[in-house]
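A.B. asks: Shown below is the structure under consideration.
Computed from the coordinates by the stated procedures, all read-outs in this text should not be read as laboratory data. What you see is a predicted model, and the numbers here were worked out from it, not measured in a lab. All Cβ positions, glycine included, derive from the backbone under ideal geometry; neighbour counts span all protein chains shown.
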Amino acid sequence: MNASEKRGCTKKSEIPYWEKLTLTLEEGSAYSGIGINKFRAMTNEEDCPFVLWVGRRKCIKRKKLEEYLDHAYSV
């Protein structure tokens with residue numbers, strides 16, 4: 001047993017993509033099956049409905065991404 005286990009600390013639990021509210025660009029790309037370069041290009045557009053800026057970092061609103069993909073003909 002190491003020191004962190006003795007104090008009751010555990011490793012950060014991994015939450016599945018489908019349960020997260022926001023995703024990183026890499027997670028969003030893996031979740032949607034869209035290539036990372038195309039995904040970055042889509043999120044760089046000003047009117048992107050599923051991007052959330054947290055400071056300088058881009059996060060993906062998972063539910064909005066799903067809605068967007070449900071209604072999209074092509075990306």
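A.B. asks: Collect the residues in the range 27-62 that are surrounded by fewer than 11 Cβ atoms within 10 Å (Cβ to Cβ) and part of a helix (DSSP H, G or I), keeping them in residue-number order.
C.D. replies: N37, N44
A.B. asks: For the range 63-75, name all the residues that are assigned to a helix (DSSP H, G or I) and among the aliphatic types (A, V, I, L, M).
C.D. replies: L65, L69
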